[in-house]
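Trainee: Below is one structure. I have some questions about it.
The values are calculated or read from the model by the stated rules, or taken from the named source; none is laboratory data. Note that the structure is predicted; figures quoted are calculated from it, not measured. As a convention, Cβ positions derive from the backbone with ideal geometry for all residues, glycine included, and neighbour counts pool all protein chains shown. Note: accessible area is taken over every heavy atom of the protein model, side chains too, but ligands, DNA and RNA are not part of it. Shrake-Rupley method; radii C 1.70, N 1.55, O 1.52, S 1.80 Å.
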Amino acid sequence: MSDTQQRVAVLPGDGIGPEVTAEAMKVVRAAAERFRFDLELVELPWSADHYLATGETLPDGALDELRDRYAAIFIGAYGDPRVPDMRHAADILLGIRFGLDLYINFRPIKLYHESLCPLKNKGPKDVDLVVFRENTEGAYVGVGGAFKKGTADEIAVQEEMHTRKGVERIVRAAFEYAARTGRSKVTMCDKSNVMRFGHDLWQRCFAEVAEEYADIETDHYFVDALAMQLVRKPEMFEVVVTNNMFGDILTDLGAALQGGLGVAASGNLHPGRTSMFEPVHGSAPKYTGQGTANPVGAVLSASLMLEDLGHPEAAAAVEAAVAASLAAGDTTRDLGGGLSPREVGDLLSAAVNSS
Ligand code: IPM
Ligand code: MN
């Protein structure tokens, strides 16, 4: 590897993951060529197939290797009906999020063309926000247990965990982003009227961190009200910061406002460290190999990755290519077009090449 070469770990995963990843990496290669930087894309096999063949999910030492030897990680999608408990997906996807301490799940909700929005009379200027989803704690910590399982007296306990450190750093990340990108408002979303301990900690951290950013307006919604407002008046929101589970749910809703899960992108970030990028959609086993998967969510996630790797011009060119293709209707069937994933990948690569 030369001094300037950056190595990217590519994990295509399951279902439509490999199809969309192939197209996203095609576009990344076109961007590297056009903007003259050197990327080494190293494909890693960890997936349901690999698990079923070897019993291995994420191999020993994999997290250290990803952190120390790679500049970024790209993931296609995880989930396979042959692994009903999703063990490999939990080990790999949540394993990387938690193991590499990728505490920011950065999920833009951006409408690229009016025709893709299911809301009446809403356009790109109305749907343009970013969700900062906490990504290492909350309801995802897997703390709890079952008692008298399988009996009529069964008891199940599943805890949420919120730490001052964890809440403070995601809230600060949201304000930092707003300050850096000229957004004027940060909205915090919780359910502190019911979750009187955990979400009260969010309330206090938010108020404290907000004081450091006097120029940025603050706002607060309980999650039920925020879900309603997101549908009624998405233009109210610029940056939303919330816990892991609420962020998961709200970003599926957000994806629908952008044209569906096929379009939504995400970055799992820890500033200054190896971060991971993945489309918001799942592995969609039903659609595997049908030539109908939409690679745009993966391509936009790759654009976030290029930005993180220090190639903002390339990232912008990729995003512009996507925006132009969506505006022209040169897209897959889920968005009313007639192109295959490969045709979309070719078209976007060509657009980046000539940008
Ligand atoms: C997501 C997904 C995951 C999550 C699943 C696959 C564990 O829904 O990335 O939004 O809940 O975080
Ligand atoms: Mn989700």
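Trainee: Pairs needed: first member in the stretch 49-67, surrounded by fewer than 18 Cβ atoms within 10 Å (Cβ to Cβ); second member anywhere, modelled with pLDDT of 95 or more and not polar (S, T, N, Q); C-beta distance under 6 Å; at least 6 residues apart or different chains.
Mentor: 63/99; 67/100
Trainee: Scan the stretch 121-128 and tell me whether some residue there is among the basic types (Lys, Arg), crowded, with 17+ Cβ neighbours inside 10 Å and out of contact with any Pro (no Cβ under 6 Å at 6 or more places or on another chain). Let's see the steps before the verdict.
Mentor: Initial filter on the stretch 121-128 (among the basic types (Lys, Arg)): 122, 125.
This time we only want the ones that are crowded, with 17+ Cβ neighbours inside 10 Å, so: 122.
Subsequent filtering for residues that are out of contact with any Pro (no Cβ under 6 Å at 6 or more places or on another chain) retains 122.
The answer is yes; a qualifying residue exists.
Trainee: Something else now. Tell me, please, whether a residue that is within 16 Å of ligand 2 (Cβ to nearest atom) and either open to solvent by 30 Å² or more (accessible area, probe 1.4 Å) or not basic (Lys, Arg) (or both) can be found in the stretch 316-332.
Mentor: Restricting attention to the stretch 316-332, the residues satisfying the condition of being within 16 Å of ligand 2 (Cβ to nearest atom) are none.
So far as the stretch 316-332 goes, no, none of its residues is within 16 Å of ligand 2 (Cβ to nearest atom) and either open to solvent by 30 Å² or more (accessible area, probe 1.4 Å) or not basic (Lys, Arg) (or both).
Trainee: Another question, if that's okay. Residues in the stretch 202-250 that are within 23 Å of residue 164 (Cα to Cα), acidic (Asp, Glu) and either open to solvent by less than 60 Å² (accessible area, probe 1.4 Å) or outside any loop (DSSP other than H, G, I, E, B) (or both): how many?
Mentor: 5
Trainee: Right, something else. Take the conditions within 25 Å of residue 351 (Cα to Cα), touching a residue at least 12 places away in the same chain (Cβ under 8 Å) and within 13 Å of ligand 1 (Cβ to nearest atom) and apply them to residue 301. Does it pass? Show your work before the answer.
Mentor: Values: within 25 Å of residue 351 (Cα to Cα): yes; touching a residue at least 12 places away in the same chain (Cβ under 8 Å): yes; within 13 Å of ligand 1 (Cβ to nearest atom): yes.
The answer is yes for residue 301.
Trainee: Please count how many residues of the stretch 280-305 are within 21 Å of residue 331 (Cβ to Cβ) and buried (at least 20 other Cβ atoms within 10 Å of the Cβ). Write out each step before concluding.
Mentor: Filtering the stretch 280-305 for residues within 21 Å of residue 331 (Cβ to Cβ) gives 280-284, 286-304.
After this cut, where a residue has to be buried (at least 20 other Cβ atoms within 10 Å of the Cβ) as well, the list is 280-281, 283-284, 293-304.
Residues in the stretch 280-305 being within 21 Å of residue 331 (Cβ to Cβ) and buried (at least 20 other Cβ atoms within 10 Å of the Cβ): 16 in total.
Trainee: Identify the single condition in (1) surrounded by fewer than 19 Cβ atoms within 10 Å (Cβ to Cβ); (2) within 16 Å of ligand 2 (Cβ to nearest atom) that residue 277 does not satisfy, given that it satisfies every other one.
Mentor: (1)
Trainee: So the check is Cβ under 6 Å with 6+ separation or different chains; which pairs have a first residue in the stretch 127-154 that's modelled with pLDDT of 95 or more and a second one that's open to solvent by 20 Å² or more (accessible area, probe 1.4 Å) and acidic (Asp, Glu)?
Mentor: The qualifying pairs are 129/238; 138/160; 139/160; 143/159; 144/159; 148/154.
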